[in-house]
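Colleague: Here it is: the structure, laid out below.
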């Protein structure tokens with residue numbers, strides 16, 4: 001009949017059954033999972049150091065979350081000035097005014113967008129405007145140090161000089177700055193390291209004009225292995241020397257091969273953090289110390305950071321060697 005809806009009971013029943021079947025499936029797939037509303041932990045150990053007349057270096061300890069930390073937000077007073085990923089626990093805040101009082105705090109942010117409570121406000125005063133300063137500090141004295149167990153290390157070095165004044169020392173691990181201390185200190189305690197790992201450190205001095213010295217000597221350090229952990233498979237004693245052949249530069253590498261219980265068929269060579277080439281021997285792999293030459297075509301002044309790792313007899317790649325840094329010079 002016109003205007004009359006005909007009810008189809010079997011269709012209605014089928015739809016009802018489908019909905020009943022779909023509900024537990026959605027539940028099993030997480031369709032009804034509760035949202036993450038728990039805020040992450042508040043950062044601890046926050047410090048603020050006046051690096052110059054216009055910048056402050058803020059550091060803190062990594063925080064935790066019931067799910068996952070996404071990053072950190074840095075505040076100057078009540079204003080958010082920086083956001084950094086979870087892998088970073090330090091930042092420079094620039095564009096400040098000389099001889100001015102500031103306070104800084106840090107909040108943790110998780111992947112659900114929850115923010116922790118702010119850390120304690122840390123006061124700091126930027127340095128006075130320095131006189132004209134065109135000269136960077138001298139290179140820090142001999143860098144040395146020791147591992148403090150499996151996850152920490154202590155570094156020490158000789159003081160630098162500057163025509164106006166050194167303001168801080170920056171500690172680098174494989175070209176990444178990981179720590180800073182005031183100019184009054186020539187030692188640094190590093191934490192959060194991994195057991196049984198080779199680290200390569202250098203130190204640079206910085207002055208009030210934010211000019212940095214050249215790198216100190218390179219210092220290699222290996223943290224203690226965790227109980228029951230396998231022995232390190234990192235190549236040791238890596239040397240990197242720049243030479244010339246005709247009009248081109250060459251990079252000559254040599255290293256002591258790790259004990260792996262078998263033959264090492266190949267090595268991966270990484271330069272500036274990227275895989276450059278795989279070194280495969282043309283015949284029987286060498287015993288003891290190995291050598292390799294690489295031709296370079298980049299201009300004078302190019303800087304390279306190099307490290308390598310062995311292919312183990314089981315086909316996996318081993319631990320990285322310490323890193324070496326070289327610069328192309330005439």
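The numbers here are math on the coordinates, done by the rules we state, and not lab data. Fair warning: this is a prediction, and the values are worked out from it, not measured in the lab. Here Cβ is always computed from backbone atoms with ideal geometry, including for glycine, and neighbour counts include all displayed protein chains.
Colleague: On the first, second and third principal axes, largest extent first, how far apart are the outermost C-alpha atoms of the chain in Å?
Modeller: Result for the chain: principal-axis Cα extents of 98, 66, 46 Å.
Colleague: Let me ask another. Using only Cα atoms, find the angle between the long axis of helix 9-28 and the longest principal axis of the chain, and express it within 0 to 90 degrees, rounded to the nearest 10.
Modeller: Roughly 30 degrees, rounded to the nearest 10.
Colleague: Cα extents of the stretch 144-222 along the three principal axes, largest first, in whole Å?
Modeller: 41, 21, 17
Colleague: Would you compute the Debye intensity of the stretch 85-128 from its alpha-carbon atoms alone, equal scatterers and no solvent, and pass along log10 I(q)/I(0) at q = 0.17 Å⁻¹ to two decimals?
Modeller: Results for the stretch 85-128 at q = 0.17 Å⁻¹ read -0.63.
Colleague: Now for a different question. How many times 2.2 N^0.38 Å is the alpha carbon radius of gyration of the stretch 131-270? Each step should come with its number before you reach the end.
Modeller: Working: Rg = 18.4 Å, N = 140, 2.2 N^0.38 = 14.4 Å.
Relative to the rule-of-thumb radius for its length, the stretch 131-270 sits at 1.28.
Colleague: Something else about it: How long are the three semi-axes of the equivalent ellipsoid for the stretch 236-327, computed from the Cα gyration tensor as the root of 5 times each eigenvalue, in whole Å, largest first? If you can, show how the numbers build up before the last one.
Modeller: Values: eigenvalues 119, 37, 25 Å².
Over the Cα atoms of the stretch 236-327, the semi-axes work out to 24, 14, 11 Å.
Colleague: What is the stretch 47-125's relative contact order, in percent, from Cα pairs under 8 angstrom and six or more apart in sequence? Display every interim value, and only then the final one.
Modeller: Details: 159 pairs, mean separation 27.0, N = 79.
Here the relative contact order equals 34 percent.
Colleague: In addition: For the stretch 61-216, report the translational diffusion coefficient in µm²/s to the nearest whole number, using Stokes-Einstein at 25 °C, 0.890 mPa s, and a Kirkwood Rh over Cα pairs. Don't skip to the answer; put the middle values down first.
Modeller: Numbers: Rh = 17.4 Å.
Taking Rh from Cα pairs, D becomes 141 µm²/s.
Colleague: Something else about it: Using alpha-carbon pairs under 8 Å, 6+ residues apart, how would you state the relative contact order of the stretch 273-330 in percent? Could you put the intermediate results ahead of the total?
Modeller: Values: 45 pairs, mean separation 18.6, N = 58.
Normalised by residue count, the contact order of the stretch 273-330 is 32 percent.
Colleague: Per DSSP helix of 4 or more residues, -39500 (n - 2.57); summed, then divided by the residues of the chain. What does that give at 222 nm, rounded to the nearest 500? The partial results should precede the final answer.
Modeller: Values: 1 runs with 20 residues, N = 330.
For the chain, the value works out to -2000 deg cm²/dmol.
Colleague: Determine, for each peptide in 39-49, 63-73, 270-280, the mean count of other beta carbons within 10 angstrom over its residues, then list the peptides with the highest first. Don't jump to the answer; show the numbers that get you there.
Modeller: On the way: 39-49: 18.5, 63-73: 16.9, 270-280: 12.6.
Top of the packing list down: 39-49, 63-73, 270-280.
Colleague: Also, quick follow-up: Tell me, what is the percent relative contact order of the stretch 187-234, built from C-alpha pairs under 8 Å that lie six or more residues apart? Can you show the working numbers first?
Modeller: On the way: 52 pairs, mean separation 20.2, N = 48.
Relative contact order comes out at 42 percent.
Colleague: Where does the stretch 47-125 land on Rg/Rh, using Cα atoms and the Kirkwood Rh?
Modeller: On the way: Rg = 12.6 Å, Rh = 12.8 Å.
Rounded to two decimals, Rg/Rh equals 0.99.
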